[in-house]
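**Student:** Let me begin by handing over the structure; questions about it come next.
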Amino acid sequence: MEKYIPVVVIKELEEVDKILPALKANGINCAEITFRTSCAAEAIKLALEKYTDMLIGAGTVINAEQCEAALKAGAKFIVSPGLSVAVAKICNEKNIPYYPGCVTPTEIMQALELGITTVKFFPANVYGGLKALKALSGPFPQVKFIPTGGVDRSNIDEFLSFDKIAAIGGSFFVKEALAKMEEK
């Protein structure tokens, strides 16, 4: 798994050739393309065809139908804002990593019952941030977290210094990369 997972919203397919090269130029070889737009599946397919050295997954996957579409497009991992048993089962059957959003002990226990040990912690800033993650790590030492939402350059190092952080997710990576490309 990459340390940084940019949350990428593609509204028009042309944006794939703007955003992904910017991420790569910024040293990031991963993209979580969200299923918030009608062209998400096409964007994933295009990204995988053109940027073969990048790890491309699907985000904001909230049901089995979206999961199937993302996997058909070639997504290498699936991320959800919450936990979907249907999505977890599909990903398990196809041996695809699934990172569901889990912020409570009950949700984490459900993920563990499904064989999931790395979860998205979203929105991290609303649910207690690093302090909450450290507290949750007590009863769940086997769990790794991907905090997303409220993580940025001001606190990223603090999050990354905690050994239970698998990666950091966020749209701020895209904004940073695009701003750097515009400076050149």
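**Student:** Mind listing just one residue for me: the one in the range 59-76 that is among the small types (G, A, S) and not in a strand (DSSP E or B) and, of those, nearest to the chain's Cα centre (by Cα)?
**Tutor:** So the residue we want is A75.
**Student:** Kindly provide the set of residues from the range 43-70 that are farther than 19 Å from D17 by Cα and either among the β-branched types (V, I, T) or in contact with an Asp or Glu (Cβ under 7 Å, 6 or more places away or on another chain) (or both), ordered by number.
**Tutor:** T60, V61, I62
**Student:** Now, a different point. Within the range 64-106, restricting attention to residues that are among the polar types (S, T, N, Q) and free of Cβ contacts under 8 Å to residues at least 24 places away in the same chain, which residue is least open to solvent (accessible area, probe 1.4 Å)?
**Tutor:** Taking the candidates together, the pick is S84.
**Student:** Taking the criterion of being modelled with pLDDT of 95 or more, open to solvent by 10 Å² or more (accessible area, probe 1.4 Å), over 19 Å from A177 (Cβ atoms) and assigned to a loop (DSSP other than H, G, I, E, B), would at least one residue in the range 7-28 satisfy it?
**Tutor:** No: the range 7-28 contains no residue that is modelled with pLDDT of 95 or more, open to solvent by 10 Å² or more (accessible area, probe 1.4 Å), over 19 Å from A177 (Cβ atoms) and assigned to a loop (DSSP other than H, G, I, E, B).
**Student:** While we're looking at this one, here's another question. Quick check on this structure: which one of S80, S38 is within 30 Å of L112 (Cα to Cα) and small (G, A, S)?
**Tutor:** On inspection, the qualifying residue turns out to be S80.
**Student:** Another question about this same structure. Does A41 meet the test of being at pLDDT 95 or above and more than 13 Å from the chain's Cα centre (by Cα)?
**Tutor:** Against the criterion (at pLDDT 95 or above and more than 13 Å from the chain's Cα centre (by Cα)), A41 qualifies.
Residues checked against (1) open to solvent by 10 Å² or more (accessible area, probe 1.4 Å); (2) of a type outside the set (V, I, T); (3) assigned to a strand (DSSP E or B):
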{"residue": "K120", "(1), (2), (3)": "yes, yes, yes"}
{"residue": "P123", "(1), (2), (3)": "yes, yes, no"}
{"residue": "L130", "(1), (2), (3)": "yes, yes, no"}
{"residue": "L133", "(1), (2), (3)": "no, yes, no"}
{"residue": "P147", "(1), (2), (3)": "no, yes, yes"}
{"residue": "G150", "(1), (2), (3)": "yes, yes, no"}
{"residue": "D163", "(1), (2), (3)": "yes, yes, no"}
{"residue": "F173", "(1), (2), (3)": "no, yes, no"}
{"residue": "A177", "(1), (2), (3)": "no, yes, no"}
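**Student:** Under 7 Å by Cβ, and 6 or more places apart or on different chains, what pairs join a residue from the range 162-184 that is in contact (Cβ under 8 Å) with a residue 40 or more places away in the chain with one that is open to solvent by 30 Å² or more (accessible area, probe 1.4 Å) and of a type in the set (F, W, Y)?
**Tutor:** Every condition considered, the pairs that remain are A167/Y4; I168/Y4; F173/Y4.
**Student:** If you don't mind, another one. Report yes if I56 is open to solvent by 40 Å² or more (accessible area, probe 1.4 Å), hydrophobic (A, V, I, L, M, F, W, C), modelled with pLDDT of 95 or more and within 16 Å of the chain's Cα centre (by Cα), otherwise no.
**Tutor:** It is false that I56 is open to solvent by 40 Å² or more (accessible area, probe 1.4 Å), hydrophobic (A, V, I, L, M, F, W, C), modelled with pLDDT of 95 or more and within 16 Å of the chain's Cα centre (by Cα).
**Student:** Could you list, in sequence order, the residues of the range 29-50 that are part of a helix (DSSP H, G or I) and in contact (Cβ under 8 Å) with a residue 12 or more places away in the chain?
**Tutor:** So in the range 29-50, the residues part of a helix (DSSP H, G or I) come out as 40-50.
The answer is A40, A41, E42, A43, I44, K45, L46, A47, L48, K50.
The values are calculated or read from the model by the stated rules, or taken from the named source; none is laboratory data. Since we're looking at a predicted model, the values are computed, not measured. Neighbour counts run over all protein chains shown; Cβ positions are idealised from the backbone, glycine included. What goes into the accessible areas is simple: the full protein's heavy atoms, side chains included, and nothing from ligands, DNA or RNA. Shrake-Rupley method; radii C 1.70, N 1.55, O 1.52, S 1.80 Å.
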